[in-house]
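K.L.:
Have a look at this one.
The values are calculated or read from the model by the stated rules, or taken from the named source; none is laboratory data. Please read all numbers here as calculations on a predicted model, not as lab measurements. Neighbour counts are summed over all protein chains in view; Cβ atoms, including those assigned to glycine, are modelled from backbone coordinates with ideal geometry. Surface areas here come from the heavy atoms of the whole protein model, side chains and all, with no ligands, DNA or RNA. Shrake-Rupley method; radii C 1.70, N 1.55, O 1.52, S 1.80 Å.
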Amino acid sequence: MSELNDAVGWPVLHQFYRIDRARWRGLDADQRAAGISEFRDALAACASEEGMQFVPMAGIAKSDFAVMAVHPDLGRIQRLGQQIAATELGTCLQPVYSFLSMSEVSEYMSGPTDWAKQLIEDQNVAPDSPEFAAGMERFRQRIEKYADARVHPQLPTDMDIICFYPMAKRRGEAQNWYTLEFNERKRLMGDHAKTGRAFAGRVLQLITSCTGLDDWEWGVTLFSHDLKSIRDVVYEMRFDPASAVYGLFGEFYIGTRLDPADLGDALCL
Amino acid sequence: MSELNDAVGWPVLHQFYRIDRARWRGLDADQRAAGISEFRDALAACASEEGMQFVPMAGIAKSDFAVMAVHPDLGRIQRLGQQIAATELGTCLQPVYSFLSMSEVSEYMSGPTDWAKQLIEDQNVAPDSPEFAAGMERFRQRIEKYADARVHPQLPTDMDIICFYPMAKRRGEAQNWYTLEFNERKRLMGDHAKTGRAFAGRVLQLITSCTGLDDWEWGVTLFSHDLKSIRDVVYEMRFDPASAVYGLFGEFYIGTRLDPADLGDALCL
Amino acid sequence: MSELNDAVGWPVLHQFYRIDRARWRGLDADQRAAGISEFRDALAACASEEGMQFVPMAGIAKSDFAVMAVHPDLGRIQRLGQQIAATELGTCLQPVYSFLSMSEVSEYMSGPTDWAKQLIEDQNVAPDSPEFAAGMERFRQRIEKYADARVHPQLPTDMDIICFYPMAKRRGEAQNWYTLEFNERKRLMGDHAKTGRAFAGRVLQLITSCTGLDDWEWGVTLFSHDLKSIRDVVYEMRFDPASAVYGLFGEFYIGTRLDPADLGDALCL
Amino acid sequence: MSELNDAVGWPVLHQFYRIDRARWRGLDADQRAAGISEFRDALAACASEEGMQFVPMAGIAKSDFAVMAVHPDLGRIQRLGQQIAATELGTCLQPVYSFLSMSEVSEYMSGPTDWAKQLIEDQNVAPDSPEFAAGMERFRQRIEKYADARVHPQLPTDMDIICFYPMAKRRGEAQNWYTLEFNERKRLMGDHAKTGRAFAGRVLQLITSCTGLDDWEWGVTLFSHDLKSIRDVVYEMRFDPASAVYGLFGEFYIGTRLDPADLGDALCL
Amino acid sequence: MSELNDAVGWPVLHQFYRIDRARWRGLDADQRAAGISEFRDALAACASEEGMQFVPMAGIAKSDFAVMAVHPDLGRIQRLGQQIAATELGTCLQPVYSFLSMSEVSEYMSGPTDWAKQLIEDQNVAPDSPEFAAGMERFRQRIEKYADARVHPQLPTDMDIICFYPMAKRRGEAQNWYTLEFNERKRLMGDHAKTGRAFAGRVLQLITSCTGLDDWEWGVTLFSHDLKSIRDVVYEMRFDPASAVYGLFGEFYIGTRLDPADLGDALCL
């Protein structure tokens, strides 16, 4: 499976902004109208750019406006932040929180040993039977598809409530994730993933890696149709030992998907 | 009881602001008068909006002005923050603290098993008697009413001193709320609730949930007629094991209810 | 003694500011002169206001200017902050730290049981003697006077160096003030108070309560004629178990009493 | 080896900035064009200055622009920061993070005792043989070259993705790096260095010392051709006991090498 | 020795600033020239003021400009900060960090008991001999001179690299400085002082007390001819148990002594 684990993920940028209302209102009506047009066009251009996945959001509570962007090229991601800032409205956006991470395949993903064990022990398939070879092949295809979806994520386009938070694993004096054995970590993450899967259809979860890129170790982006599902999945997962004992959480940011055409109305510009 | 636990609560927004006095005083007298009018009307419109519960406050110490808003629709809550910011006075309001949460029914609320136990053991009612069925029905109605008041809260309109703070439960290396058994947590929260109920009439307490929505896990809003009651209830509850051992508290914000008509006087605008 | 413990204290506000020198110097000479006059008059008016105790300070290090105010009415305290901010010089004051607390009678104050014990065991007075009744009455009067001085504090007018800091009691996983028995807490606080009393005449100490009103649990205001006494009392008290093991301290602010007439000179306005 | 350990390293400065877009856009087109020219020339002059090693970067997420500079003279490093700030574009740069450190030779570097042990025990060389003397001399030369590369570092010019973060060693109540014996620390750092060497060619790592110069104890600068290598080396090293148990990490900053000629395009100026 | 311990030290102020370059560059050339003159004269006047010790610095990394001032009168120290702020260049200085402390004699300084022990046990002097009396007198004079140098410090004028940091002693749940016996603390501080003395000539160290005056308990100012000596002394002392187990460190600030005549050049004004 190492070739899957080594697959090179895509850079992912989250940026959250406050609007400097004093500056925005200081512009005259024509400048503001032009500023909205320019910004709306810039958002639409990013959204339709080849290779770019781009989600503008209206922020709630901690931020007023936010974007999430996924693109294979780090240079494009770097310049995207500057492009937004360089617009007229962009000069009224004060960065509140920024986060760089990259998509990855989880190292705890099941591999051939897990598959063989499951076929032999759970399904009573003889290890040298044609059924075994076929079963192994089915597993490989399923996992390859899953791994590809992790390393080359396709953001949902229909779930409009979006939550982002960074996290890390505890390195306490008594409880330290990084001194646990691999198999213990794999077991804990497996149980944790089950809780998440119980929310399939209600919450889509994207985990991206940021060790070395940010102060935290992972970024979590949740997409849902409703706020309660986001509250419920995070609350229920907090009781899993992987979270209860080892999870450290950063700031939580909430927004709703913003149609560029609604920019002026949604943000009362 | 699961249908009660699953009831979808309402989004709740708390926003605390400092007034940028330099900018406000930079406006001329006419602009300021118009700004006060515009803002007063905006507050009054929100307060009378169908489905909206809206409490403007004059802040003390940490903030100058604040609002609390409850509305079933998250989109309305999102736009409300922008509406305030988009006014002339709004451009002089610098966000100090913002908090998004949602109303919920406590998972530790008593259920049929608790009721039956109370009827049989405390009141000596035979489990197959008509008295038992009637008792169970009384409990169910009482709890349903209580649950509805939690998930669809009606903010008080007469208690004018308002305190807000966020909280979470400790996940320490030795003392971890999230690794306790459900029944132990229920017992601790039951004792804690008793302390709170001793302040009935003096302090009205609204607990809202924010796991996944904010860095904390709950928001607490206290309404009272006097400051000492707020000091007393928080101080006394701090000795309950649920708080003493497991409670983590964020920043405390205090304000007094602001009649929009008094806006200019109360804030010396 | 419960009627003493229940006595309703007065709200106390501490506000610390930086001066925005760029804005101040941007005013022309006439505006500055008028601004100093206006502010000096506002300070003087507050200082002489019926029911108000008001201490303006020149800050050192962390702040440039500060005020401390005590008034029975929370609404007056709320408006006071806005009054200061609404002046010309007020628009040049950037809040650095703000703290709301209220005066209180300590729950660890001695009561009839302590008095009787002291009379019988320390002074060999027979419990049914007229001396005992007289002794109890003397204690009651002394404590009532002391309690009244705590709940209705009179700020000193002659000690010109003023220190403020907030504090809380530790709720650690091994050492938790809030899980100690009342008598153990009373004993620790009694020892602590002795250290403080050794500084009588050198340092006047006002403890105000802020649980539920601020992130901390108490505010400490020290008044002295000299800086070393403040350094000494805080340093010596730090070795008392009540502080050494259980004390948590916030930021320390230092200032010197400011005569409104010296405003311009002291702050180089 | 003490003369190597005592070698005086070079001061190293890292500076990360946000661009104040409102101010930049407030300049007219001519001023901006002149500002870009002036800044581009200043960057180029620094880059070609005798004795100076200078790396300008386009920041991602946490910063917009950054520089790293190495120079033997602290005074030159001090003035460099002011030179950048004193340009027109420099007045639009708001410092986000600054870090002063100096290059050093690791105290855990192998010395004559280690070499002799390796020759005698691992390579079966007799301690009084000519082979032993030759082996010791080879070690000495290799280590001297290595030490010189540490104390007089030459920054790579081809690896374009650059990561910086500060770190310290834990001084916990149960796990305290500074109470470990030297040999235990040396062993832990030796294992840790092996993980790092496995990334030779993919990641170049520069460790600089800052105890006494900054809140942290070391600065780590990583150079790579690709983002995943940076993520991988930091993630893998986190499981080494030296990091897992004793490592404390500050903020992580990421940037890409900026050719001064591309200044305007890369930053959308 | 109590009269030495009770000696009243001098207030010490450290102030670190960022230069607001946008504001400075907004002044025209004449205003800037006048601003430099005015500020240079103000620095020179402070430096030559009777009773004042005054060190202006060019900051590196965390600050651009800094001053350290020692004066017997707290009121003079208070006004000094305002004087700097009230100049034209002062309006462009944004406070980054401020620290008030006072010089003191260490409570762990040796006293008559230590001297007698040293004479009798180490030097075999008979306690009732004239040599003993003479030895005690020599100790007394030496310590009085040392104590006077601590309580009335004379800042060096030749060491041009200056480091400042605040510190406190740990009050952990397992390791608490403030619950140690006096003799254990004295022993730990004695060992710690030895490490410091090994740097005599390379580093001059001034320890000032700030319990009650600042969030920390001591301020440390290091003067040296070279950066590596500062790095070395702080690094080596970190392994002393007094630091390794009990030391808590705040932010470190580094600067170089600034000759007022070089103001414009050093800061590129």
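K.L.:
Quick check on this structure: which one of E:K186, E:K194 is more than 18 Å from D:R171 (Cβ to Cβ), at pLDDT 95 or above and either part of a loop (DSSP other than H, G, I, E, B) or over 15 Å from the mean Cα position of the chain (by Cα) (or both)?
P.N.:
On the way: E:K194 fails: at pLDDT 95 or above.
Exactly one of E:K186, E:K194 is more than 18 Å from D:R171 (Cβ to Cβ), at pLDDT 95 or above and either part of a loop (DSSP other than H, G, I, E, B) or over 15 Å from the mean Cα position of the chain (by Cα) (or both), namely E:K186.
Yes or no, residue by residue, for (1) in the same structural domain as A:E88 (by TED's automatic domain parsing); (2) farther than 30 Å from A:F252 by Cβ; (3) modelled with pLDDT under 95; (4) small (G, A, S):
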residue	(1), (2), (3), (4)
A:W10	yes, no, no, no
A:I19	yes, no, no, no
A:W24	yes, no, no, no
A:L27	yes, yes, no, no
A:A34	yes, yes, no, yes
A:Q53	yes, no, no, no
A:D64	yes, no, no, no
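K.L.:
Here is a list: E:Q118, E:Q123. Which entry is modelled with pLDDT under 95 and more than 31 Å from the chain's Cα centre (by Cα)? Please lay out each step first, then the result.
P.N.:
Values: E:Q118 fails: more than 31 Å from the chain's Cα centre (by Cα).
The match here is E:Q123.
K.L.:
State the number of residues belonging to region E:38-94 that are part of a helix (DSSP H, G or I) and either open to solvent by 20 Å² or more (accessible area, probe 1.4 Å) or not polar (S, T, N, Q) (or both). Don't jump to the end; show me each part of the working.
P.N.:
First pass over region E:38-94, keeping only residues part of a helix (DSSP H, G or I): E:38-48, E:74-85, E:90-92.
Still in the list and also either open to solvent by 20 Å² or more (accessible area, probe 1.4 Å) or not polar (S, T, N, Q) (or both): E:38-48, E:74-77, E:79-81, E:83-85, E:90, E:92.
Qualifying residue count for the region: 23.
K.L.:
Could you please find all residues in region E:50-64 being in contact (Cβ under 8 Å) with a residue 12 or more places away in the chain and farther than 23 Å from D:R79 by Cβ? Spell out how you get there, then give the answer.
P.N.:
We begin by selecting, within region E:50-64, every residue in contact (Cβ under 8 Å) with a residue 12 or more places away in the chain; these are E:51-64.
Residues satisfying the conditions are E:G51, E:M52, E:Q53.
K.L.:
Taking the residues in region E:234-269 that are among the aliphatic types (A, V, I, L, M) and under 30 Å from D:G172 (Cα atoms) as candidates, determine which candidate is farthest from the other protein chains (Cβ to nearest Cβ). I'd like the intermediate steps shown before the answer.
P.N.:
Filtering region E:234-269 for residues among the aliphatic types (A, V, I, L, M) gives E:234, E:237, E:242, E:244-245, E:248, E:254, E:258, E:261, E:263, E:266-267, E:269.
Checking which are under 30 Å from D:G172 (Cα atoms) leaves us with E:234, E:237, E:242, E:244-245, E:248, E:254.
Details: E:V234: 3, E:M237: 9, E:A242: 11, E:A244: 4, E:V245: 7, E:L248: 9, E:I254: 6 Å.
Among those that are among the aliphatic types (A, V, I, L, M) and under 30 Å from D:G172 (Cα atoms), it is E:A242.
K.L.:
Being within 26 Å of B:C163 (Cα to Cα) and over 14 Å from the mean Cα position of the chain (by Cα) is the filter here, so list the residues in region C:215-231 that pass it. Lay out the reasoning, then the answer.
P.N.:
At the first step, the residues of region C:215-231 found to be within 26 Å of B:C163 (Cα to Cα) are C:215-221.
Passing the criteria: only C:D215.
K.L.:
Looking only at region E:67-89, how many residues end up being out of contact with any helix residue (DSSP H, G or I) (no Cβ under 9 Å at 6 or more places or on another chain) and in contact (Cβ under 8 Å) with a residue 60 or more places away in the chain?
P.N.:
Going through region E:67-89, the residues out of contact with any helix residue (DSSP H, G or I) (no Cβ under 9 Å at 6 or more places or on another chain) turn out to be E:68, E:72-73, E:76-77, E:81.
Applying the additional criterion that residues be in contact (Cβ under 8 Å) with a residue 60 or more places away in the chain yields E:68, E:72-73, E:77, E:81.
Qualifying residue count, region E:67-89: 5.
K.L.:
Separate question: Please work out which residue is nearest to A:A61 (Cα to Cα), limiting yourself to region A:162-183 and to residues that are of a type in the set (A, V, I, L, M, F, W, C) and open to solvent by 20 Å² or more (accessible area, probe 1.4 Å). Walk me through how you get there before you give the answer.
P.N.:
Initial filter on region A:162-183 (of a type in the set (A, V, I, L, M, F, W, C)): A:162-164, A:167-168, A:174, A:177, A:180, A:182.
Pick out the ones that are also open to solvent by 20 Å² or more (accessible area, probe 1.4 Å) and you get A:167, A:174, A:180, A:182.
Details: A:M167: 20, A:A174: 36, A:L180: 38, A:F182: 39 Å.
The residue in question is A:M167.
K.L.:
Just to verify a result, which residue in region C:95-111, among those that are open to solvent by less than 30 Å² (accessible area, probe 1.4 Å) and either farther than 24 Å from C:M167 by Cβ or charged (D, E, K, R) (or both), is nearest to the other protein chains (Cβ to nearest Cβ)?
P.N.:
Ranking the qualifying residues of region C:95-111, first place goes to C:E104.
K.L.:
If you don't mind, another one. So, in region C:212-231, of the ones that are of a type outside the set (S, T, N, Q) and in a helix (DSSP H, G or I), which residue ends up surrounded by the most Cβ atoms within 10 Å (Cβ to Cβ)? Lay out the reasoning, then the answer.
P.N.:
From region C:212-231, those of a type outside the set (S, T, N, Q) are C:212-220, C:222-223, C:225-228, C:230-231; that's our starting set.
Next, from what is left, pick out any that are in a helix (DSSP H, G or I): C:227-228, C:230-231.
On the way: C:L227: 24, C:K228: 22, C:I230: 26, C:R231: 23.
Looking at the filtered set, the residue picked out is C:I230.
K.L.:
From the list B:G201, B:G219, exactly one residue is closer than 22 Å to C:F99 by Cα, out of contact with any Asp or Glu (no Cβ under 8 Å at 6 or more places or on another chain) and not charged (D, E, K, R). Which is it? Walk me through it before giving the result.
P.N.:
Numbers: B:G201 fails: closer than 22 Å to C:F99 by Cα.
None of the other options fit; the residue is B:G219.
K.L.:
Which one of these does B:R231 not meet: (1) away from chain C (no Cβ under 11 Å); (2) within 19 Å of C:Q78 (Cα to Cα); (3) of a type in the set (K, R)?
P.N.:
(1)
K.L.:
Please verify whether A:I162 is at pLDDT below 95 and touching a Ser or Thr at 6+ places or on another chain (Cβ under 8 Å), treating the condition exactly as stated.
P.N.:
Working: at pLDDT below 95: no; touching a Ser or Thr at 6+ places or on another chain (Cβ under 8 Å): yes.
No, not satisfied.
K.L.:
Go through B:L13, B:L27 for me and flag whichever is within 13 Å of another protein chain (Cβ to nearest Cβ), over 27 Å from B:I162 (Cα atoms), in contact (Cβ under 8 Å) with a residue 60 or more places away in the chain and surrounded by 15 or more Cβ atoms within 10 Å (Cβ to Cβ). Can you show your working first?
P.N.:
Values: B:L13 fails: over 27 Å from B:I162 (Cα atoms).
Among B:L13, B:L27, only B:L27 is within 13 Å of another protein chain (Cβ to nearest Cβ), over 27 Å from B:I162 (Cα atoms), in contact (Cβ under 8 Å) with a residue 60 or more places away in the chain and surrounded by 15 or more Cβ atoms within 10 Å (Cβ to Cβ).
K.L.:
Another question, if that's okay. Yes or no: E:E144 surrounded by fewer than 17 Cβ atoms within 10 Å (Cβ to Cβ) and modelled with pLDDT of 95 or more? Spell out how you get there, then give the answer.
P.N.:
On the way: surrounded by fewer than 17 Cβ atoms within 10 Å (Cβ to Cβ): yes; modelled with pLDDT of 95 or more: no.
Considered against the rule, which asks whether it is surrounded by fewer than 17 Cβ atoms within 10 Å (Cβ to Cβ) and modelled with pLDDT of 95 or more, E:E144 comes out as no.
K.L.:
Next question. Inspect all residues belonging to region E:202-210 and state whether any of them is over 14 Å from the mean Cα position of the chain (by Cα) and among the polar types (S, T, N, Q). Steps first, please.
P.N.:
Of the residues in region E:202-210, the ones over 14 Å from the mean Cα position of the chain (by Cα) are E:202.
Among the residues that remain, those that are also among the polar types (S, T, N, Q) are: none.
Within region E:202-210, not a single residue is over 14 Å from the mean Cα position of the chain (by Cα) and among the polar types (S, T, N, Q).
K.L.:
Have a look at E:D226, E:D265, E:D232 and point out the one that is farther than 25 Å from E:P11 by Cβ, of a type in the set (D, E) and in contact (Cβ under 8 Å) with a residue 40 or more places away in the chain.
P.N.:
Only one candidate qualifies: E:D226.
K.L.:
For region A:159-179, which residues satisfy the criterion of being out of contact with any strand residue (DSSP E or B) (no Cβ under 8 Å at 6 or more places or on another chain) and in contact (Cβ under 8 Å) with a residue 12 or more places away in the chain?
P.N.:
The one that is out of contact with any strand residue (DSSP E or B) (no Cβ under 8 Å at 6 or more places or on another chain) and in contact (Cβ under 8 Å) with a residue 12 or more places away in the chain: A:Q175.
K.L.:
Assess whether A:L89 counts as being touching a strand residue (DSSP E or B) at 6+ places or on another chain (Cβ under 6 Å), of a type in the set (A, V, I, L, M) and within 30 Å of A:D214 (Cα to Cα).
P.N.:
Values: touching a strand residue (DSSP E or B) at 6+ places or on another chain (Cβ under 6 Å): no; of a type in the set (A, V, I, L, M): yes; within 30 Å of A:D214 (Cα to Cα): yes.
Against the criterion (touching a strand residue (DSSP E or B) at 6+ places or on another chain (Cβ under 6 Å), of a type in the set (A, V, I, L, M) and within 30 Å of A:D214 (Cα to Cα)), A:L89 does not qualify.
The rows are residues; the columns are (1) surrounded by fewer than 16 Cβ atoms within 10 Å (Cβ to Cβ); (2) in the same structural domain as D:G35 (by TED's automatic domain parsing); (3) β-branched (V, I, T); (4) more than 30 Å from E:P166 (Cβ to Cβ).
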position	(1), (2), (3), (4)
D:R185	no, no, no, no
D:G190	yes, no, no, yes
D:R197	yes, no, no, yes
D:C210	no, no, no, no
D:V233	no, no, yes, yes
D:D240	no, no, no, yes
D:L248	no, no, no, no
D:F252	no, no, no, no
